[in-house]
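Participant: The structure under discussion is supplied below as structure tokens; questions concerning it will follow.
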Amino acid sequence: MKHSALVVLLVIVACVTLPAVARHYVPERGDFTFKSQVFQSCDEDEDHFCHADSILVYITDGMGRTEVRSVWAEPLDTADWRGFGDILEEDINFDGYSDLMVCNGPVNTFGNFTYTAFLWDQSSHSFLKDDVKGFDEIYDPIIHPGEKHIVGVWRLDNDVDISTYEWRDGELVLINSEHLNYNELTE
């Protein structure tokens, strides 16, 4: 009898204590885990042709609370194209905290992947609700922390465009753009 009374007492204490702990929990950046789910639409006339339609991103803190965000996807056949919903954690605004990049998919056979990005806000201990304006227009973004630049590379056949961005007043700004010939780069 004493054992079951102890169990009941522990359950009551847990029920009272856990909500109080959850109320006072302040998530740190490293507490978060992520997963994504890609949704597709199929053609009514040709149900074997399906293309990426949207991506749901699940952002879960250390207490198991999950926020779901919707991200657009390149409308390509998911059987032939890869990368949709891949998640990268990079410090894209160079504040010392990893931000979140979700792959929208490739644009063509040369890659040219685009990403939707969400910044970590240390003051609120959360990811900002709005995605980074214009980030999804940077192809295959490469983060250069030393220079505090983001470089985008677009390729189509022999044409290569390299664009360099930096942060100014909380926004991404294009600071340089070059058009090159791929064959000249490889010689």
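The values are calculated or read from the model by the stated rules, or taken from the named source; none is laboratory data. The model shown is predicted, which means the values in this text are computed figures rather than measured ones. Every residue, glycine as well, gets a Cβ built from its backbone with ideal geometry; the counts of neighbours run over all protein chains shown. Ligands, DNA and RNA are excluded from the accessible area calculation, which covers all protein heavy atoms including side chains. Shrake-Rupley method; radii C 1.70, N 1.55, O 1.52, S 1.80 Å.
Participant: State yes or no: is residue 114 β-branched (Val, Ile, Thr) and in contact with a helix residue (DSSP H, G or I) (Cβ under 8 Å, 6 or more places away or on another chain)?
Facilitator: The answer is yes for residue 114.
Residues are listed down the side, and each one gets a yes or a no for (1) surrounded by fewer than 14 Cβ atoms within 10 Å (Cβ to Cβ); (2) touching an Asp or Glu at 6+ places or on another chain (Cβ under 6 Å); (3) over 19 Å from residue 168 (Cα atoms); (4) among the hydrophobic types (A, V, I, L, M, F, W, C):
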{"position": "108", "(1), (2), (3), (4)": "no, no, yes, no"}
{"position": "118", "(1), (2), (3), (4)": "no, yes, no, yes"}
{"position": "127", "(1), (2), (3), (4)": "no, no, yes, yes"}
{"position": "132", "(1), (2), (3), (4)": "no, no, no, yes"}
{"position": "135", "(1), (2), (3), (4)": "no, no, no, yes"}
{"position": "140", "(1), (2), (3), (4)": "no, no, yes, no"}
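Participant: Taking residue 66 as the residue in question, decide whether it is modelled with pLDDT under 85, in contact with a strand residue (DSSP E or B) (Cβ under 6 Å, 6 or more places away or on another chain) and over 30 Å from residue 146 (Cα atoms).
Facilitator: No, not satisfied.
Participant: Collect the residues in segment 42-62 that are farther than 14 Å from residue 87 by Cβ and open to solvent by 40 Å² or more (accessible area, probe 1.4 Å), keeping them in residue-number order.
Facilitator: Within segment 42-62, 42, 43, 44, 45, 46, 47, 48, 49, 51, 53, 62 qualify.
Participant: For residues in segment 84-106 being among the polar types (S, T, N, Q) and open to solvent by 10 Å² or more (accessible area, probe 1.4 Å), which is nearest to the chain's Cα centre (by Cα)?
Facilitator: Per the stated criteria, the residue is 98.
Participant: All but one of (1) open to solvent by 70 Å² or more (accessible area, probe 1.4 Å); (2) modelled with pLDDT under 95; (3) of a type outside the set (Lys, Arg) hold for residue 181; state the number of the condition that does not hold.
Facilitator: In the conditions (1) open to solvent by 70 Å² or more (accessible area, probe 1.4 Å); (2) modelled with pLDDT under 95; (3) of a type outside the set (Lys, Arg), residue 181 misses (1) alone.
Participant: Given segment 78-171, what strands (runs of 3 or more DSSP E) lie entirely inside it while holding 2 or more residues that are of a type in the set (A, V, I, L, M, F, W, C) and under 28 Å from residue 30 (Cβ atoms)?
Facilitator: Strands (runs of 3 or more DSSP E) meeting the threshold: 87-90, 99-105, 114-118, 142-144, 149-156.
Participant: If you scan segment 63-77, which residues turn out to be surrounded by fewer than 16 Cβ atoms within 10 Å (Cβ to Cβ) and in a strand (DSSP E or B)?
Facilitator: 66, 67, 68, 70, 77
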